[in-house]
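The values are calculated or read from the model by the stated rules, or taken from the named source; none is laboratory data. Keep in mind that what you see is a predicted model, and the values were worked out from it rather than measured. Note that we place each Cβ from the backbone using ideal geometry, even for glycine, and neighbour counts take in every protein chain shown.
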Amino acid sequence: MESHKPFSYNPQEVPPILNQPQSTQPLIILAPLNVLGKSSSMATCPSCGVRGKTKVEYEASNKTHLLALLICLVGGVCCVCCPYCNDSCQSANHTCSSCGAYVGTFKN
Ligand SMILES: [Zn+2]
């Protein structure tokens, strides 16, 4: 009997395909969350998409009025304006420096 040698296919001998064509799919870069502080922060504008430093305008919040009332009761009328002068007592409204769109508010 003559053994007929079948065609053996050894998958390990097949060289791996190294030069796979690079996919040209566009990279989807997720914009980092806008972390807004009480001062000008890096943020991505939801309106024009420009990422940059925001413009900040301070606005008296309810907490400011409450603090002013408290100071009025405790320290007297002359100290009432203190929380309005102190940025840390006010909420910071961030707007886009490019188009002026509202980006977000930082509340203390
Ligand atoms: Zn903008």
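Overview of results
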item	result
Residue that is polar (S, T, N, Q), over 25 Å from the mean Cα position of the chain (by Cα), modelled with pLDDT under 85 and closer than 19 Å to Gly37 by Cβ, where the choices are Asn86, Asn62	Asn86
Tabulated pairs, the stretch 82-102, first away from the ligand (no atom under 16 Å from the Cβ), second among the β-branched types (Val, Ile, Thr), C-beta under 6 angstrom, 6+ apart or interchain	Pro83/Thr64; Cys89/Thr64; Gln90/Thr64; Ser91/Thr105; Ala92/Val56
